[in-house]
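**Student:** I'd like to ask some things about the structure below.
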Amino acid sequence: MSRELLEKLETIEDLPTMPQTAKKVLDILNRPDFSFAELVSVISKDMNITASILRLANSALYSPRNEIQNLTQALSFLGANNIKNLVVALSTKVLFENFKASLLIHKVWEHSVAVAIYARIVSLKINKKVSEETFLMGMLHDIGVIIMNLYIENYEIMISEIYGSNESLYKKEKELFALTHSEVGAKLAEIWKLPEIYKDTILHHHDYTKSAHKDYCILIDYADNVISRKGINVSNYYDENKIKEIEKFLNIDEETAQEIESIFEEVYNSEKEIFALK
């Protein structure tokens, strides 16, 4: 079951569904007449997500001038779109915890968190217009790994074989299964009824030049490679030429790169426990 997996995904009964809190939040925000009070009511029922949102809202990732003390303040400060992205992103942790979440798959989660944080920091420096969406895109860019691990025989064996090597997971998937986590993740985004921009970015995050939303996809492609260069991934593969190419395109000079790095280290190291990272 490799290529056929894409066609069969919608009919698989135990396919991971959109986490309930995230689904409710998306349903509310899809209505033009939604109220902030309703949004606060739904989110506040999940104490873990509520606490995580408040902590993240007060972190260097968002840098508030005054302390954010409750969800109402967080909504006012962050806006509905950022709240939506945080809820969905934080909810995805459940998928990595519940579905055959081995240590190897946990490493993919760690990578996803790091990419999300890095991509948002870069977007705030380079293009604030896309900053609201990049965090969630980073969180979801490798979601297809979970699905392939669940439904493709020998997938986790393949991951274990390339762990810590310089082999590309993406290229190895193509070679062995004629299918990639990017394609599977994009299909899951479609099944979850996420906006097309997420499907597109997940599908093309290994080659932003093919994306219809390059402003977003280039940030995920860049963060993916930089974070892999740090060794935060299943394999140690990264494309140094692409990193340099994107830095040139985005006008990220050495000083800006060092500033981004400094903020990333502060946020990532101080907020690890929110994402259950060790």
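**Student:** At 0.36 nm per residue, minus the direct Cα-Cα distance, what do residue 41 and residue 9 gain on full extension? Give it in nm, one decimal, please. Don't skip to the answer; put the middle values down first.
**Tutor:** Details: separation 32, 0.36 × 32 = 11.52 nm, distance 3.28 nm.
Computed gain between residue 41 and residue 9 is 8.2 nm.
**Student:** Near residue 187, within a Cβ-to-Cβ distance under 11 Å, what is the net charge of the other residues, with Lys and Arg +1 and Asp and Glu -1? Mind dumping the intermediate values first?
**Tutor:** Details: positive: 8, 199; negative: 7, 10, 183, 190.
Spelling it out: positives minus negatives among the neighbours equals -2.
**Student:** Taking the Cβ of each residue in 169, 140, 176 as the centre, tally the other Cβ atoms inside 10 Å and list the residues starting with the fewest.
**Tutor:** Values: 169 23, 140 29, 176 14.
With the fewest neighbours first, 169, 140, 176 line up as 176, 169, 140.
**Student:** Extension gain residue 129-residue 229, at 0.36 nm per residue separation less the Cα-Cα distance, in nm?
**Tutor:** Contour length minus Cα-Cα distance gives 33.3 nm.
**Student:** So, one more: About the Cα centre, and with charges only on the beta carbon of Lys, Arg (+1) and Asp, Glu (-1), how big is the dipole of the chain? Nearest 20 debye, please. Could you put the intermediate results ahead of the total?
**Tutor:** Values: 31 positive and 42 negative charges, 101 e Å.
Magnitude of the dipole: close to 480 debye.
**Student:** Would you list the membrane-span-like helices of the chain, meaning whole DSSP H runs whose alpha-carbon atoms span at least 18 Å along their axis and whose mean Kyte-Doolittle value is at least 1.0? Don't jump to the answer; show the numbers that get you there.
**Tutor:** Working: long enough: 103-126 (34 Å, 1.07); 214-229 (22 Å, 0.00); 254-270 (24 Å, -0.81).
The qualifying helices are 103-126.
**Student:** Here's something else I'd like to know. Which of the following values of semi-axes √(5λ) of the Cα gyration tensor in Å was calculated from the structure shown: [x] 28, 24, 17; [y] 32, 23, 19; [z] 29, 20, 17?
**Tutor:** The calculated read-out lines up with [x].
**Student:** Pop the C-beta distance of residue 60 and residue 276 into the FRET formula with R0 = 25 Å and round what comes out to the nearest 0.05.
**Tutor:** Values: r = 20 Å, r/R0 = 0.80.
According to the calculation, E is roughly 0.80.
**Student:** Report relative contact order for the range 20-91 in percent, whole number only (criteria: Cα-Cα under 8 Å, sequence separation at least 6). It would help to have the intermediate numbers written out before the result.
**Tutor:** Numbers: 60 pairs, mean separation 28.5, N = 72.
Dividing the mean separation by the residue count of the range 20-91 yields 40 percent.
**Student:** Right, something else. Taking a spot 7 Å from the Cα of residue 106 along the direction of its beta carbon, which residues of the range 230-272 have an amide N less than 17 Å from it?
**Tutor:** 232-235, 272
**Student:** Can you check what the net charge comes to around residue 56, using other residues whose Cβ is under 11 Å from the Cβ of residue 56 (Lys, Arg +1; Asp, Glu -1)? Display every interim value, and only then the final one.
**Tutor:** Details: positive: 55, 120; negative: 271.
Taking every other residue near residue 56 into account, the sum is +1.
**Student:** While we're on this one: Can you give the helix-only mean residue ellipticity at 222 nm for the chain, where every DSSP H stretch with n ≥ 4 adds -39500 (n - 2.57) and the sum goes over all residues, rounded to the nearest 500 deg cm²/dmol?
**Tutor:** Details: 17 runs with 183 residues, N = 278.
After summing the helix terms and dividing by residue count, I get -20000 deg cm²/dmol.
Throughout, read-outs are computed from the coordinates displayed, never taken from laboratory work. Quick caveat, the model's predicted, so the values are computed rather than measured. Glycine gets a Cβ as well: all are built from the backbone with ideal geometry, and neighbour counts include every protein chain shown.
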